[in-house]
Amino acid sequence: MTQITKCINGKTKIFGLLGNPVEHTQSPFIHQLFYEATEFNGTYNPFFVPVGQLEQAILGMRGLSLSGLNVTIPYKVDVMEYLDLVDPIAQAIGAVNTIVPVHGKLMGYNTDWIGLKMACDYYDIPIKGQECVIIGAGGAARGAVAMCLEGQATSVTIINRTREKAERIKNDLQKMDMDIPIYVGGLEDFHLVKPNSVAIQTTSVGMHPHEDASPIFNEEFFQKVDFIVDIIYNPKETVFMTKGREHQAKVLNGLSMLFFQALKAFEYWTDITLTASQIEWCLHQLETTVYNNTKN
Ligand code: ATR
């Protein structure tokens, strides 16, 4: 007879993800890895929240005493008004992706920027004292700019197809008051990119099934970049990363950011810190699973 070694019981902590849609999320798998690595009694579930039902979803979280929720598209901004307190950096970014219940209150955090920082640290992509250039000005770009400011970059340059959106991020994130200059420009304003920069690509350009696309092809740009972080993880290497690599840049794709934003949420919810070998094991499982199932 097969023996059941793990199952949900009365002590199981319930976590999950609010979004619309939620079918393609990798988060349940990643959190399951944390539970296995640490022998934590938890379950992580995708929750589809219909349009107009976000407030009810948060009331449900309170009423059911859920132990923590992530929030994804399209609710990262709107969810803030239903929480009791929002972390100042999440406030400056303008988005919450992690809700943490603390003594009956719901606190909102943004672990996207922290996950990006943890991924850069883990893979030796320097931020402190570096000139950073962010490509794009959507939600992901906001987290990347906050990460560069918190990570004490020397300067942050945001270049985007629509320059006004880059201006808006600059205005919003200058509220973090980090005394670090933020420059903005259009996608072709390569003169703004400083030599030996760290480039963080935050648009969806180049993502499967449009693998041939890149927000930038120009050689002048790649000559000035020593490190490239692309938030895309499918394909495993984007054209943007390939071009950087051809110009001797060190490159990192977005899978580790996805991993570390989840890890930070797990840490907030449980106060458990994974050991280096547990992190290595979880990351290896994730990479093997994603890239054995994904054309790359
Ligand atoms: P997210 O919130 O997930 O970051 P988003 O808000 O859709 O996503 O932002 C996407 C970013 O990719 C934007 O900066 C967008 O540029 P615009 O501000 O000009 O819209 C950028 N982007 C999307 N498609 C693009 C393309 N084909 N070329 C260049 N930039 C593109």
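The values are calculated or read from the model by the stated rules, or taken from the named source; none is laboratory data. None of the values given here were measured: they were computed from a predicted structure. Every residue, glycine as well, gets a Cβ built from its backbone with ideal geometry; the counts of neighbours run over all protein chains shown. Heads up: the accessible areas ignore ligands, DNA and RNA and are worked out on the full protein's heavy atoms, side chains in. Shrake-Rupley method; radii C 1.70, N 1.55, O 1.52, S 1.80 Å.
Things to note:
- Residue match in segment 274-292 (condition: in the same structural domain as residue 27 (by TED's automatic domain parsing) and part of a loop (DSSP other than H, G, I, E, B)): yes
- The set of residues from segment 107-121 being within 15 Å of residue 59 (Cα to Cα) and either open to solvent by 10 Å² or more (accessible area, probe 1.4 Å) or not in a strand (DSSP E or B) (or both) comprises just one member, 107.
- Test: residue in segment 207-228 that is part of a loop (DSSP other than H, G, I, E, B), among the polar types (S, T, N, Q) and touching a residue at least 60 places away in the same chain (Cβ under 8 Å): no
- Just one of the listed residues (15, 29, 48, 40) is crowded, with 19+ Cβ neighbours inside 10 Å and aromatic (Phe, Trp, Tyr), and it is 15.
- Restricting segment 167-197 to residues that are more than 14 Å from the ligand (Cβ to nearest atom) and aliphatic (A, V, I, L, M) leaves a set whose member that is most open to solvent (accessible area, probe 1.4 Å) is 178.
- Residue match in segment 152-166 (condition: of a type in the set (Asp, Glu), at pLDDT 95 or above, open to solvent by 80 Å² or more (accessible area, probe 1.4 Å) and part of a helix (DSSP H, G or I)): yes
- Residue in segment 46-65 that is more than 20 Å from residue 255 (Cα to Cα), away from the ligand (no atom under 16 Å from the Cβ) and in contact with a Lys or Arg (Cβ under 9 Å, 6 or more places away or on another chain) present: no
- Residues within segment 198-228 that are away from the ligand (no atom under 16 Å from the Cβ), within 21 Å of the chain's Cα centre (by Cα) and open to solvent by less than 20 Å² (accessible area, probe 1.4 Å), tallied: 2
- If only residues of segment 229-246 that are hydrophobic (A, V, I, L, M, F, W, C) and open to solvent by 30 Å² or more (accessible area, probe 1.4 Å) are counted, the one that is farthest from residue 144 (Cα to Cα) is 239.
- Hits in segment 122-151 (condition: over 26 Å from residue 70 (Cα atoms) and open to solvent by 10 Å² or more (accessible area, probe 1.4 Å)): 124, 126, 128, 129, 130, 131
- Hey, residue 40 in a loop (DSSP other than H, G, I, E, B) and not hydroxyl-bearing (Ser, Thr, Tyr) or not: yes
- Residue list for segment 51-84, restricted to those being in a helix (DSSP H, G or I), surrounded by fewer than 16 Cβ atoms within 10 Å (Cβ to Cβ) and touching a residue at least 24 places away in the same chain (Cβ under 8 Å): 55, 62, 78
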